[in-house]
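Here the structure comes first, spelled out in structure tokens, and everything after it is commentary.
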Amino acid sequence: MLGSRCNSKRLTVYCLPFGERLPKPSFAHFRSQQVTMVNHHELAQALSVPAKPTLADDVTERMRNAILSGQLAPEARLSEATLSKLMGVSRGPVREALACLEREGLIVVGRTGRASVARLSREDLDEVFSLRRTLERLAVEYACKRATPQDLDALQAVVDTMAATIARGISEKEAAELDLRFHDVIYNASRHQRLIATWTTLRPQVYVIMLSRNVASANFQDVAVNGHQEIVDAIRTGDTQHALAVIEQHMLVAYELVSNSYGPQPPDVGQSDGPASAAK
């Protein structure tokens, strides 16, 4: 009886005694014998070329900027037909952009399918900050272990820029951008790709919330400079427990800075998982 065995380079033919059968190959056998046919030259070429932004990416970015800058005000209606005419594109890219911005929490789509710019409520504020508090703790924990001297220099540079900008007079937009830039560095220093991806999704909503802060207050200026400097110093020491305590306090103070602009806290806020309850 003839049998055959195949490997990645040749086919081997061999004989078995009469009446004997080939053993039934197992899944593990097939896995071990798989032939990987990869043209490494073509693969290298494909990976070396960065993906080009699509038209939908461009529309999404333009709409996101319009929302974050206030040009598209909260609760403003977003019509596919109107937006496509204003932006000079078909309705397809606009539809993709709306879906992306809905996932980011910047727009809401009602039961009738009508989209509008989101107005973040106190409930939204509490949810965003409770999630952000968890993400920041994880980012700081990993950054304490993985941050490079270059990461620490980048953090210090942002704090120095904050101090200089506040000294000459800082706007809400500048404050929000510098604040997020600082925390971007921490997330990147964590080298935790899924954590970074989650932060990237939440980031636009955090930006909108930050725009409501009173940047002229002495309390804000203390948090912006001294508070962030404490975080840098804590990560620099590599003392994870101390750094976690510092970022926890920072998140609670950050919550308080924006909380007043969202009106009084609901009676059951102490029973929630938000930053306000964490302070009690």
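What follows is calculated from the coordinates using simple rules that are stated; it is not laboratory data. This is a predicted model, so every value here is computed, not measured. Every residue, glycine as well, gets a Cβ built from its backbone with ideal geometry; the counts of neighbours run over all protein chains shown.
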Report the extension gain between Leu202 and Ser79 in nm, rounded to one decimal, defined as 0.36 nm multiplied by the number of residues separating them, less their alpha carbon distance.
41.8 nm
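Roughly speaking, what is the stretch gain from Leu252 to Ser90, that is 0.36 nm per residue apart minus the C-alpha to C-alpha distance, in nm to one decimal? Display every interim value, and only then the final one.
Values: separation 162, 0.36 × 162 = 58.32 nm, distance 4.47 nm.
Going from the current span to full extension adds 53.9 nm.
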Global geometry of region 55-117, whether rounded, prolate or oblate, following the gyration tensor of its Cα atoms and the 1.5 cut on a/c
rounded
Would you please give the FRET efficiency between Asn260 and Arg62, computed as 1/(1 + (r/R0)^6) with r the Cβ-Cβ distance and R0 = 51 Å, to the nearest 0.05?
0.95
Using the number of other C-beta atoms within 10 angstrom as an exposure proxy, rank Lys145, Lys173, Lys52 with the fewest first.
Lys52, Lys145, Lys173
If I take R0 = 35 Å and measure r between the Cβ atoms of Asp222 and Arg191 in this structure, what FRET efficiency does the formula 1/(1 + (r/R0)^6) give, to the nearest 0.05?
0.70
Can you give me the distance in nm between label points at Thr161 and Val108, each placed 7 Å from the Cα along the Cα-to-Cβ direction?
3.4 nm
Centre separation in Å (Cα based) which lies between region 162-230 and region 72-100
29 Å
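By the gyration tensor of its Cα atoms, with a ≥ b ≥ c the square roots of the eigenvalues, what is the shape of region 138-275: rounded for a/c under 1.5, prolate for a/b over b/c, or oblate?
Since a/c reaches 1.5 but b/c is at least a/b, the shape of region 138-275 is classed as oblate.
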Asp153/Ser121 FRET efficiency (R0 30 Å; Cβ-Cβ; nearest 0.05):
0.15
